[in-house]
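The values are calculated or read from the model by the stated rules, or taken from the named source; none is laboratory data. Owing to the predicted nature of the structure, the values given are computational and were not obtained by experimental measurement. Don't worry about glycine lacking a Cβ; one is built from the backbone with ideal geometry, like all the others, and counts go over all protein chains shown. Note: areas computed on protein heavy atoms with side chains; ligands, DNA, RNA excluded. Shrake-Rupley method; radii C 1.70, N 1.55, O 1.52, S 1.80 Å.
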Amino acid sequence: MELAQSTGKTFSIDELQALTEVPRRTIRYYIEYGLLEGPEGETRAARYTQQHLETLLKIRRLTSEGIGLAHVKRRL
């Protein structure tokens, strides 16, 4: 998977979903649960940064290893 390395690059939630293969609903849940910071901006103008992408990939990796969300939250 090729990731954008530009520090100024931002992503829509659809782009973030495509890069991470994590559904939009799950991304929103992770924000609500406190695993992922909220986006910059609101509604359709909301943008996600490289940090959001990296954190989401880390969450995905940890959960795929069988680590529960409560433990992932402590690790982050």
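When the surface is traced with a 1.4 Å probe over the full set of protein chains, LYS9 keeps roughly 80 Å² accessible. Probing with 1.4 Å while keeping every protein chain in the model, the per residue accessible area of the chain equals 69 Å². Among ARG61, ARG47, the order of accessible area from largest down is ARG61, ARG47, computed with a 1.4 Å probe on protein heavy atoms. Hydrophobic long helices, here whole DSSP H runs in the chain with Kyte-Doolittle means of at least -1.0 and Cα atoms spread over 20 Å or more along the helix axis, are found at 50-64. Computing FRET efficiency as 1/(1 + (r/R0)^6) for LEU76 and ALA45, where r is the C-beta to C-beta distance and R0 is 25 Å, gives about 0.45. With the biggest extent put first, the Cα atoms of the chain measure 31, 26, 19 Å across the principal axes. Over the chain, dividing the summed -39,500 (n - 2.57) contributions of all DSSP H runs of at least 4 residues by the number of residues returns a 222 nm mean residue ellipticity of -15500 deg cm²/dmol.
Here the calculated FRET efficiency for SER12 and SER64, from their Cβ-Cβ distance with R0 = 25 Å, stands at 0.55, rounded to the nearest 0.05. Computed in the context of the full set of protein chains, the accessible area of the chain at 1.4 Å probe radius has 46% of its extent on carbon or sulfur.
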